[in-house]
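A.B. asks: Have a look at the structure that comes next, please.
The values are calculated or read from the model by the stated rules, or taken from the named source; none is laboratory data. None of these values were measured; they are calculated from a predicted model. Neighbour counts are summed over all protein chains in view; Cβ atoms, including those assigned to glycine, are modelled from backbone coordinates with ideal geometry. For the accessible areas, the whole protein counts, side chains as well, though only heavy atoms, and no ligand, DNA or RNA atoms are used. Shrake-Rupley method; radii C 1.70, N 1.55, O 1.52, S 1.80 Å.
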Amino acid sequence: MTNLRYLNTTCAVCGDPCRFTIPEAAGSVGSRDLDTRPAEPLRSTIYAWVKRCPSCGYCAPDPGKAPEGVADVVKLPRYRWQLDSRRFPRLANTFLCWSIIQEELGAPAQAAWASLHAAWICDDEGDDVPARICRIRAADLLRRAWEQGDRLTTQAGGDEAILVDLLRRAGRFREARALVRETLEQNPPPLIAEIMRLQARLIDAKDRNTHTVAEARRYKMPTTL
Ligand SMILES: [Zn+2]
């Protein structure tokens, strides 16, 4: 169990006071999922990663701070629609709103992360369709980050590993398979190669479930590509 504490702050957009429950800093024990989702107890603190101002709907890791231009994004019709969309769990909307802010402010890599995190919320709720929508959005934003010369991770092949998992779990098997082949041809670091070989097996089995990096380490059998 993690201990709870509170963050009292003033919303940087509307100026109203707000109070958020936040868990103590938590680590994780065990393997990450293939899309980097950490193990427990960190995994379960996700509800506190992005917070929503109850007055104006500004969503951010710290609503007490607002980069320039945020006040305008929060007023956009697409932001207001997302904030209360019934197609997604409420907490997923909070993450997707933060994703929209990052996208509008020209930070597609951060927007992709927020959209991936929204997918995890949908996974926890058992909402498959919104989870797929979040993953497709994250994949699009990741590619947009690449076009801008930006990446989500610093590790060679790390972004490709995330993108393959996004595509596989969204059911885009053909695209995922092509990326596996392309990445393996580039002679990636050993762990990325192991992940790609596991992904190839999962794609062949049309498996859209969560799998861990530990499984990739166990599967060292060469796969015909
Ligand atoms: Zn506010």
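A.B. asks: Hey, which of the helices (runs of 4 or more DSSP H) in the range 152-225, taking only ones fully inside, have at least 3 residues that are open to solvent by less than 10 Å² (accessible area, probe 1.4 Å), in contact with a helix residue (DSSP H, G or I) (Cβ under 8 Å, 6 or more places away or on another chain) and under 28 Å from Asp127 (Cβ atoms)? Spell out the reasoning first.
C.D. replies: Details: elements: 158-169, 173-185, 190-204, 213-218.
Here the list reads 158-169, 190-204.
A.B. asks: Just one of Ala12, Ala26, Ala39 is within 16 Å of the ligand (Cβ to nearest atom) and assigned to a loop (DSSP other than H, G, I, E, B); which is it? Explain how you work it out, then say what you get.
C.D. replies: Numbers: Ala26 fails: within 16 Å of the ligand (Cβ to nearest atom); Ala39 fails: within 16 Å of the ligand (Cβ to nearest atom).
Answer to the check: Ala12.
A.B. asks: Among the residues that make up the range 46-67, is at least one of them more than 20 Å from Asn8 (Cα to Cα) and more than 10 Å from the ligand (Cβ to nearest atom)?
C.D. replies: Going residue by residue through the range 46-67, those that are more than 20 Å from Asn8 (Cα to Cα) are none.
Within the range 46-67 (the criterion being more than 20 Å from Asn8 (Cα to Cα) and more than 10 Å from the ligand (Cβ to nearest atom)), the answer is no, since none of the residues qualifies.
Here's the yes/no breakdown for (1) within 30 Å of Arg218 (Cα to Cα); (2) of a type in the set (D, E, K, R); (3) open to solvent by less than 40 Å² (accessible area, probe 1.4 Å):
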site: Thr21; (1), (2), (3): no, no, no
site: Gly30; (1), (2), (3): yes, no, no
site: Thr36; (1), (2), (3): yes, no, yes
site: Val50; (1), (2), (3): no, no, yes
site: Ala60; (1), (2), (3): no, no, yes
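A.B. asks: Something else now. Given the criteria of a type in the set (S, T, N, Q) and more than 15 Å from the chain's Cα centre (by Cα), does Gln110 qualify?
C.D. replies: no
A.B. asks: Which is at pLDDT below 95 and in the same structural domain as Leu141 (by TED's automatic domain parsing), of Val13, Val73, Val29? It would help to see each step written out before you state the result.
C.D. replies: Numbers: Val13 fails: at pLDDT below 95; Val73 fails: at pLDDT below 95.
Going through Val13, Val73, Val29 in turn, the sole match is Val29.
A.B. asks: Let me ask something else about it. Which ones in the range 69-86 are under 21 Å from Trp113 (Cβ atoms) and surrounded by fewer than 16 Cβ atoms within 10 Å (Cβ to Cβ)?
C.D. replies: From the range 69-86, those under 21 Å from Trp113 (Cβ atoms) are 69-70, 73-74, 76, 78-79, 82-83, 85; that's our starting set.
Within the range 69-86, Gly69, Leu76, Arg78, Ser85 meet the criteria.
A.B. asks: Only one of Ser115, Ser55 is among the polar types (S, T, N, Q) and more than 21 Å from Ala145 (Cβ to Cβ); which?
C.D. replies: Values: Ser115 fails: more than 21 Å from Ala145 (Cβ to Cβ).
Exactly one of Ser115, Ser55 is among the polar types (S, T, N, Q) and more than 21 Å from Ala145 (Cβ to Cβ), namely Ser55.
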